[in-house]
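The values are calculated or read from the model by the stated rules, or taken from the named source; none is laboratory data. None of the values given here were measured: they were computed from a predicted structure. Cβ coordinates were reconstructed from backbone atoms using ideal geometry, including for glycine residues, and neighbour counts include every protein chain displayed. With ligands, DNA and RNA removed, areas are computed over all heavy atoms of the protein, side chains included. Shrake-Rupley method; radii C 1.70, N 1.55, O 1.52, S 1.80 Å.
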Amino acid sequence: MTLFVGGFLKCGSPTDVINEILKTDINNLTLVGNDTSYPDADRGLLVSAHKVKKVIATHIGLNKETGRQMLAGEIEVELVPQGTLCERIRAAGVGLGGVLTPTGIGTEVAKGKEVLHIDGKEYLLEKPLHADVALIYGSRVDKAGNIAFVGTTRNTNVVMATAADTVIVEAEEYIDGYLNPNEVVIPSVFVDYIVIQQPK
């Protein structure tokens, strides 16, 4: 199963849902996220618990356990430039066949990928990235599933909500009513389940 997990390091991550996964026998996940956080936090806990067989992320440098497992051959790591990762997810969400980017031309990133020549310039064809399940965070979520964010907590959560078969949002604050439409960043049409975050 491919699993999107929102967040940028510890910011805007669905920690309670991740903790519930840790209690199960779920494993062999392909984890897609901006990073693998830290060994003892959110996405990093899934790696530390050996529930992940492959990581697709922009960096893993702050999680020594991800690096250790990669060097030991216990986990596969695909590093993707940050903008490219978000665009690949966005492409899946809006039904595009891929995105063209010059980022990665002439580097390891380009190996095995199609290169297109357009108006005298080279571009990599980066294919859409879709998930079976997206675990995302919301600062405020109303009873319909509309989501609002505070500050930078929106990070990868927004684009991930559009490109998964099932979307579970973990709400820091649950509104038993409806958000002001001007606050809504992710509309309810993308959300399948709401989990209310437990007080810390």
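The residue that is nearest to the chain's Cα centre (by Cα), counting only those in segment 92-123 that are part of a helix (DSSP H, G or I) and without any contact (Cβ under 8 Å) to a residue 40 or more places away in the chain, is Val109. Only a single criterion out of (1) open to solvent by 40 Å² or more (accessible area, probe 1.4 Å); (2) farther than 15 Å from Thr15 by Cβ is not satisfied by Leu85, namely (1).
Residues in segment 162-174 that are in a strand (DSSP E or B) and either open to solvent by 50 Å² or more (accessible area, probe 1.4 Å) or small (Gly, Ala, Ser) (or both): Ala164, Asp165, Ala171, Glu172, Glu173, Tyr174. Can you tell me which residue is farthest from Gly138 (Cα to Cα) among those in segment 1-42 that are in a loop (DSSP other than H, G, I, E, B) and without any contact (Cβ under 8 Å) to a residue 12 or more places away in the chain? Filtering segment 1-42 for residues that are in a loop (DSSP other than H, G, I, E, B) and without any contact (Cβ under 8 Å) to a residue 12 or more places away in the chain, the one farthest from Gly138 (Cα to Cα) comes out as Asp25. For segment 75-88, indicate whether the set of residues that are part of a loop (DSSP other than H, G, I, E, B) and touching a Leu at 6+ places or on another chain (Cβ under 6 Å) is non-empty. Within segment 75-88 (the criterion being part of a loop (DSSP other than H, G, I, E, B) and touching a Leu at 6+ places or on another chain (Cβ under 6 Å)), the answer is no, since none of the residues qualifies. With respect to Val159, determine if the residue is outside any loop (DSSP other than H, G, I, E, B) and in contact (Cβ under 8 Å) with a residue 60 or more places away in the chain. Spelling it out, Val159 is indeed outside any loop (DSSP other than H, G, I, E, B) and in contact (Cβ under 8 Å) with a residue 60 or more places away in the chain. Scanning segment 8-55 for residues that are basic (Lys, Arg), closer than 19 Å to Lys200 by Cβ and open to solvent by 20 Å² or more (accessible area, probe 1.4 Å) yields a total of 2. Could you say whether any residue in segment 137-153 is at negative phi, part of a helix (DSSP H, G or I), surrounded by fewer than 18 Cβ atoms within 10 Å (Cβ to Cβ) and hydrophobic (A, V, I, L, M, F, W, C)? So far as segment 137-153 goes, no, none of its residues is at negative phi, part of a helix (DSSP H, G or I), surrounded by fewer than 18 Cβ atoms within 10 Å (Cβ to Cβ) and hydrophobic (A, V, I, L, M, F, W, C). Lys121 meets each of the listed conditions (1) at positive phi; (2) open to solvent by 70 Å² or more (accessible area, probe 1.4 Å) apart from (1).
Might you let me know whether segment 71-90 holds any residue that is touching a Gly at 6+ places or on another chain (Cβ under 6 Å) and farther than 18 Å from Leu29 by Cβ? For segment 71-90, residues touching a Gly at 6+ places or on another chain (Cβ under 6 Å) and farther than 18 Å from Leu29 by Cβ: absent.
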